[in-house]
Amino acid sequence: NRDLATELNRDVSIERESDDPDWGVKGSIGNNFLLNDEWEAGFLLGGAYSTLWRKTETLARNFRFPQERFEREQESTNSVNITGNLNMGVRYTDDHEISTTTLFIRNTDDEVAVIDFFNENRELSDGLGFRDERIKYEEREMIVNQVKGSHQFGSATREIVPWLDFAFIPEGLQYDWYYSDARAFTDIPNELNVSSETVTDLASGAVISSNVTTDSAAADYRFTDLDDEVENYGGKFSWPIETASSSITFSAGWEYTEKVRTYKQSQFSLGALSVESPTILEGPLGEVFSSENIQNTANNFLFDVTGTNNQSYIAVTQTDAAFGNVDWTWNDTVRVTAGVRWEDYRQVALDWNIYANSISNPQVSSDPDVLANGVFTKDDYYPSLALIYMTEWWAEIFQLRFGYSETVVRPDLREITDASYIDARTGFLTDGDPSVTPAEMTNYDLRAEWYFNDGDNLSVGLFYKDIDNPIEFFESAASDTNRSREIINAQSGEVYGMEIEGLKSMGFLGEFWEQFFVQGNLTLQDSELKAGSAADAPTNPTRELAGASDYVANFLVGFDSHDTKHSATLSYNVFGERLFIAGRRGSPDHFEQPFHSLDLTYSWYPRDQFILQLKARNLLDESIEIEQDGVTTFQEDPGMGVAFSFEWSM
């Protein structure tokens with residue numbers, strides 16, 4: 001058993017050092033080739049590399065005992081990003097075009113975190129606490145290949161294929177098609193969490209000393225492999241017809257989408273039930289878990305398999321779709337667009353016990369009831385209608401729009417399994433639910449739009465959304481130490497509100513002010529959700545939807561110099577208080593507080609081939625905060641950031 005333990009990566013000591021500046025480089029090359037009067041081909045090849053460091057500090061507090069039970073985390077992450085793309089295309093006259101796209105993305109995160117905390121077992125006033133040290137290396141890679149084509153049966157094609165006229169194929173008929181295949185991998189070859197007990201300062205909670213916990217699960221090792229495959233293809237016919245007073249376009253098409261995921265997580269524990277001397281556990285971590293200490297029979301180290309065996313899963317969704325649409329414009333005054341989409345949706349999600357190895361204990365259950373519960377199918381029709389009235393009222397172009405549509409929102413693959421995952425930002429344990437089904441949504445909107453001849457514009461809109469079986473987060477049962485939430489289908493929900501958006505140049509103030517413009521949008525909305533019977537004793541059975549703020553505002557001041565050598569934007573964004581997680585059994589709801597974001601971008605173009613750019617983000621040094629009944633239970637300080645870039649083109 002001890003020999004097996006020494007096969008783990010145990011060179012894991014955490015040290016403090018200065019980080020390096022962020023830097024990156026990117027480039028591209030491409031060209032078009034006119035082969036003759038009818039044929040044209042081209043390509044674009046590009047790539048980029050960047051590396052950056054990020055440090056975040058978070059503070060989470062227990063709602064009932066915020067001064068005695070809290071968690072402070074410091075996290076450092078080194079990210080390396082590599083991207084590449086290749087685009088190729090060929091065109092024959094204006095009738096035919098075929099293009100391909102290949103995209104490659106690779107990201108790695110090397111993460112270290114130290115979490116010091118107090119809970120119901122050790123409070124701040126005890127002078128004793130706990131520490132978790134987390135080390136995680138994660139690789140993500142994705143490659144996407146797509147080919148698409150557009151074919152119009154126009155005059156150039158008819159000269160080559162004259163029998164098209166005899167086949168009653170109308171001129172102007174167009175066929176568009178595409179095929180794409182994507183593969184994404186996530187590999188965590190080493191994720192380690194080590195638990196320690198600490199002696200702390202009574203006033204500040206600062207750690208004075210720490211020792212690795214005497215426990216067989218003091219060190220938790222996790223190994224994760226995720227494989228996603230997505231296949232998507234389809235086609236569409238469109239046929240435009242022009243008359244003296246009208247233009248009509250008929251279109252119809254089909255689509256197929258398949259998503260397949262296999263998620264494998266293995267988990268092991270390593271720790272000592274007793275040691276020859278307590279000083280062995282003082283650290284650094286690499287010395288505590290050294291081969292010498294593990295193989296010393298005087299130290300009772302134990303290596304074991306842990307976890308619930310239901311974290312691994314297999315999930316698949318498939319969707320067949322067909323659609324038709326009519327777009328009619330009369331006298332450039334009235335436009336009507338009507339369509340319908342039919343979808344046949346299937347999903348299956350099954351637990352995968354990667355440790356099982358027999359017929360009586362299979363890796364995937366063969367129980368008919370278990371298999372039936374893991375499957376969901378539904379086919380339905382989703383209509384849409386848009387009415388537009390166009391004139392010159394108060395502007396060069398005025399449009400009054402009315403829209404109606406029915407849509408569906410489907411759960412993510414990880415949300416339809418029994419598996420759990422940790423929310424990357426807050427650390428909440430999030431449980432999936434195989435019984436979660438798609439949410440049906442009916443949408444209404446009315447919008448007035450003004451487009452002025454100087455480029456200014458203004459739009460005002462009203463919207464209403466009615467949601468059946470909305471997919472929502474609710475707080476779930478957990479210990480005082482842990483925070484947990486679950487995904488369920490609520491009974492119903494609705495969202496309604498108003499949107500205002502516009503752009504205004506400042507030239508009316510004088511010639512100098514012609515270089516400036518302001519742009520912004522404001523959304524005011526209200527929402528209501530009825531929890532229904534699936535929720536576990538929610539504190540508020542009727543409340544707002546998660547993530548729906550009462551207001552969202554974005555405002556931007558832009559500058560473009562007369563000599564075109566300078567440009568700048570100062571942007572301000574803020575959202576109103578929004579529900580993060582709904583509480584249960586009397587516990588107050590969790591609300592994310594407004595975040596006031598102020599960012600500056602300045603660009604200098606000394607020559608046509610050169611661009612120098614400076615970016616500054618979060619100039620107000622705002623923090624992300626979540627509150628429960630006025631108590632800040634979570635706080636993250638992303639800090640301010642400054643970036644400088646240089647671009648040279650030939």
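The values are calculated or read from the model by the stated rules, or taken from the named source; none is laboratory data. Just so it is clear, the structure is predicted and the values come from calculations on it, not from any experiment. Reconstructed Cβ throughout: ideal geometry from the backbone, glycine too, with neighbour counts over all protein chains shown. Ligands, DNA and RNA are excluded from the accessible area calculation, which covers all protein heavy atoms including side chains. Shrake-Rupley method; radii C 1.70, N 1.55, O 1.52, S 1.80 Å.
When Ala184, Ala206 are checked against the criterion of being without any contact (Cβ under 8 Å) to a residue 12 or more places away in the chain and either open to solvent by less than 40 Å² (accessible area, probe 1.4 Å) or within 30 Å of Gly286 (Cβ to Cβ) (or both), Ala206 stands alone in meeting it. Would you mind stating whether Asp227 is open to solvent by less than 60 Å² (accessible area, probe 1.4 Å) and under 25 Å from the mean Cα position of the chain (by Cα)? Taking the combined requirement at face value, the residue satisfies it. Among the conditions (1) at pLDDT below 90; (2) closer than 30 Å to Tyr404 by Cβ, Arg335 misses just one, which is (1).
Among the numbered conditions (1) assigned to a loop (DSSP other than H, G, I, E, B); (2) free of Cβ contacts under 8 Å to residues at least 60 places away in the same chain, the only one that Thr214 does not meet is (2).
Restricting attention to segment 490-522, the residues that are in a helix (DSSP H, G or I) and either surrounded by fewer than 17 Cβ atoms within 10 Å (Cβ to Cβ) or of a type in the set (Lys, Arg) (or both) add up to 6.
Applying the criterion of being polar (S, T, N, Q) and under 18 Å from Leu302 (Cβ atoms) to the residues of segment 241-276, the residue that is farthest from the chain's Cα centre (by Cα) is Ser274. Taking the listed residues Gly89, Gly149, Gly129, the one that is touching a His at 6+ places or on another chain (Cβ under 9 Å), open to solvent by less than 50 Å² (accessible area, probe 1.4 Å) and touching a residue at least 12 places away in the same chain (Cβ under 8 Å) is Gly149, with no other qualifying. Among the residues examined, Glu97 does not qualify as open to solvent by less than 50 Å² (accessible area, probe 1.4 Å) and touching a strand residue (DSSP E or B) at 6+ places or on another chain (Cβ under 9 Å).
Do we find that Thr77 is open to solvent by less than 40 Å² (accessible area, probe 1.4 Å) and not aliphatic (A, V, I, L, M) in this structure? It is true that Thr77 is open to solvent by less than 40 Å² (accessible area, probe 1.4 Å) and not aliphatic (A, V, I, L, M). For Ser384, the test of being within 29 Å of the chain's Cα centre (by Cα) and within 30 Å of Phe452 (Cβ to Cβ) is passed.
Of the residues making up segment 236-246, those that are surrounded by 15 or more Cβ atoms within 10 Å (Cβ to Cβ) and not hydrophobic (A, V, I, L, M, F, W, C) are Lys236, Ser238, Pro240. Here is a check on your reading of the model: is Val194 in contact (Cβ under 8 Å) with a residue 60 or more places away in the chain, part of a strand (DSSP E or B) and exposed (fewer than 15 other Cβ atoms within 10 Å of the Cβ)? It is false that Val194 is in contact (Cβ under 8 Å) with a residue 60 or more places away in the chain, part of a strand (DSSP E or B) and exposed (fewer than 15 other Cβ atoms within 10 Å of the Cβ). Inspect all residues belonging to segment 467-476 and state whether any of them is open to solvent by 50 Å² or more (accessible area, probe 1.4 Å) and at pLDDT 85 or above. Looking through segment 467-476, at least one residue is open to solvent by 50 Å² or more (accessible area, probe 1.4 Å) and at pLDDT 85 or above. Check whether at least one residue in segment 478-486 is hydroxyl-bearing (Ser, Thr, Tyr), outside any loop (DSSP other than H, G, I, E, B), under 23 Å from the mean Cα position of the chain (by Cα) and surrounded by fewer than 18 Cβ atoms within 10 Å (Cβ to Cβ), and report yes or no. Yes: segment 478-486 contains one or more residues that are hydroxyl-bearing (Ser, Thr, Tyr), outside any loop (DSSP other than H, G, I, E, B), under 23 Å from the mean Cα position of the chain (by Cα) and surrounded by fewer than 18 Cβ atoms within 10 Å (Cβ to Cβ).
Does Glu282 meet the test of being within 21 Å of Arg131 (Cβ to Cβ), acidic (Asp, Glu) and touching a residue at least 12 places away in the same chain (Cβ under 8 Å)? So Glu282 fits the description; yes. If the condition is being of a type in the set (D, E, K, R) and either within 23 Å of the chain's Cα centre (by Cα) or closer than 30 Å to Gln515 by Cα (or both), then segment 448-477 contributes Glu449, Asp454, Asp456, Lys465, Glu472, Glu475.
Residues are listed down the side, and each one gets a yes or a no for (1) touching a helix residue (DSSP H, G or I) at 6+ places or on another chain (Cβ under 6 Å); (2) open to solvent by less than 30 Å² (accessible area, probe 1.4 Å); (3) at pLDDT below 80; (4) assigned to a strand (DSSP E or B):
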residue	(1), (2), (3), (4)
Arg425	no, no, yes, no
Asp433	no, no, no, no
Thr437	no, no, no, no
Met441	no, no, no, yes
Tyr444	no, no, no, yes
Arg447	no, no, no, yes
Ser459	no, yes, no, yes
Lys465	no, no, no, yes
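Of all residues in segment 267-299, those that are open to solvent by 20 Å² or more (accessible area, probe 1.4 Å), part of a strand (DSSP E or B) and polar (S, T, N, Q) total 1. Within segment 322-346, the residues that satisfy the criterion of being closer than 18 Å to Ile397 by Cβ and of a type in the set (Ser, Thr, Tyr) are Thr329, Thr333, Thr337. For Ser50, state whether it is polar (S, T, N, Q), open to solvent by 90 Å² or more (accessible area, probe 1.4 Å), free of Cβ contacts under 8 Å to residues at least 40 places away in the same chain and farther than 30 Å from Asp126 by Cα. In short, no. When Ala548, Ala537, Ala568 are checked against the criterion of being more than 30 Å from Gly510 (Cα to Cα), over 22 Å from the mean Cα position of the chain (by Cα) and of a type in the set (A, V, I, L, M), a single residue qualifies: Ala537.
Residue count for segment 527-540 under the criterion of being open to solvent by 70 Å² or more (accessible area, probe 1.4 Å) and either modelled with pLDDT under 90 or in contact with a Gly (Cβ under 6 Å, 6 or more places away or on another chain) (or both): the result is 1.
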